[in-house]
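See structure below.
Just so it is clear, none of the values below were taken in a lab; they were calculated from the coordinates. Here the structure is a predicted model, which is why all the values come from computation and not from measurement. Neighbour counts run over all protein chains shown; Cβ positions are idealised from the backbone, glycine included.
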């Protein structure tokens with residue numbers, strides 16, 4: 001026979017009528033509810049509140065749909081100031097869950113986020129600069145790298161290049177289009193430009209987590225699911241993946257793609 005004091009049985013979690021559950025866009029259930037206990041009884045109920053325990057073990061009136069789906073995640077203990085003589089405590093239990101669906105449902109519950117931004121890239125990688133004749137680009141790049149120095153501005157004086165180490169002349173730049181870039185890069189010191197970039201993330205909740213197949217292309221160029229819009233002269237690379245596992249709880253994982261320059265070097269290094 002259990003002893004009852006202050007209207008509550010000893011070492012028993014008494015549920016309140018505030019059960020609340022929500023299903024997010026990835027198919028994950030989250031919710032919370034409150035249980036009352038007698039002051040000082042926490043040690044007697046703590047084991048039933050361990051992470052990964054079924055909520056139905058402490059809330060027997062739970063709808064049958066949820067009995068094997070919802071698991072305790074976290075909980076907190078607070079004094080109930082409204083209790084008789086302050087002798088009742090409340091425990092707020094947070095729970096999570098997941099119900100596997102068919103392949104079509106699983107695909108619907110994936111979330112895809114696309115973000116575009118501008119990033120700084122070296123000015124000597126600008127497509128218009130790269131389009132210059134190699135003969136004109138080479139001395140400008142050498143100045144950019146600190147290997148050459150120059151005299152003149154290409155307007156009132158001829159531009160002459162010299163090797164920094166030997167001091168030997170390395171030629172004169174006369175091409176008008178190349179001189180525009182020379183004055184910007186060498187004389188005005190512009191070293192970077194704003195380059196369009198994209199980031200694309202796939203997020204899913206399930207009971208299995210990431211598979212070997214889903215991270216097989218990590219660090220490789222590939223087209224992400226749903227074929228997102230791609231900034232000009234860029235390609236997508238699978239650049240990251242995250243996963244959080246705990247007990248028998250549902251797993252939320254993600255994969256992230258970012259854009260890189262679509263050039264010969266990147267295709268060789270990161271191409272499949």
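Average projected area of the Cα convex hull of the chain, in nm²? Let's see the in-between values first.
Values: hull surface 96.2 nm².
Computing the convex hull of the Cα atoms and averaging its projections yields 24.1 nm².
Name the residue, out of 23, 220, 147, whose mean-square fluctuation peaks in a Gaussian network model built on the chain with Cα pairs under 10 Å.
Maximum fluctuation in the GNM of the chain, among the listed residues, is at 147.
Listing 182, 129 from the residue with the fewest other Cβ atoms within 10 Å to the one with the most, what is the order? Could the numbers behind the result be given before it?
Working: 182 23, 129 20.
Least crowded to most crowded, the residues run 129, 182.
For residue 74 paired with residue 190, estimate the spin-label separation in nm (one decimal), with each label point 7 Å from Cα along the Cα-to-Cβ line.
Using points 7 Å along Cα→Cβ, the separation is 5.0 nm.
Once you've got the GNM for the chain with C-alpha springs shorter than 10 Å, pick whichever of 203, 30, 192 has the biggest mean-square fluctuation.
Per the Cα network of the chain with a 10 Å cutoff, 192 tops the list.
With runs of 4+ DSSP H residues as the only contributors, calculate the mean residue ellipticity of the chain at 222 nm using -39,500 (n - 2.57) per run, divided by the residue total and rounded to the nearest 500.
Only helices count here, giving -3500 deg cm²/dmol.
Mind telling me which of 167, 209, 27 comes out most flexible in a GNM of the chain, alpha-carbon contacts under 10 Å?
The residue that fluctuates most here is 167.
Can you put 65, 162, 42 in order of Cβ neighbours within 10 angstrom, beginning with the fewest?
Details: 65 9, 162 17, 42 14.
Ascending Cβ contact count within 10 Å gives the list 65, 42, 162.
What nm value, rounded to one decimal, do you get for the distance between residue 164 and residue 243 when each label is placed 7 Å out toward the C-beta?
Taking the simple label geometry, residue 164 and residue 243 are separated by 4.8 nm.
Over the stretch 159-272, what lengths in whole Å, largest first, do the semi-axes of the equivalent ellipsoid take, defined as the square roots of 5 times the eigenvalues of the alpha-carbon gyration tensor?
Details: eigenvalues 437, 43, 35 Å².
So the equivalent ellipsoid measures 47, 15, 13 Å along its semi-axes.
Sort 245, 28, 51, 17 by Cβ crowding within 10 Å, fewest neighbours at the top. The partial results should precede the final answer.
On the way: 245 12, 28 20, 51 16, 17 7.
With the fewest neighbours first, 245, 28, 51, 17 line up as 17, 245, 51, 28.
Would you mind giving the average projected area, over all directions, of the Cα convex hull of the stretch 126-212 in nm² with one decimal?
So the mean shadow area of the Cα hull is 9.6 nm².
Using 0.36 nm times the number of residues separating residue 114 and residue 92, minus their current alpha carbon distance, what extension gain do you get?
Details: separation 22, 0.36 × 22 = 7.92 nm, distance 3.63 nm.
Extending this stretch completely gives an extra 4.3 nm.
Using alpha-carbon positions, what is the distance between the centroids of the stretch 219-239 and the stretch 152-193, in Å?
37
In degrees between 0 and 90, to the nearest 10, how far off the longest principal axis of the chain does helix 134-144 point, with axes built from Cα atoms?
60
In nm, to one decimal, how far is the residue 207 label point from the residue 272 one, both placed 7 Å along Cα→Cβ?
Each label point lies 7 Å from its Cα, and together they span 3.0 nm.
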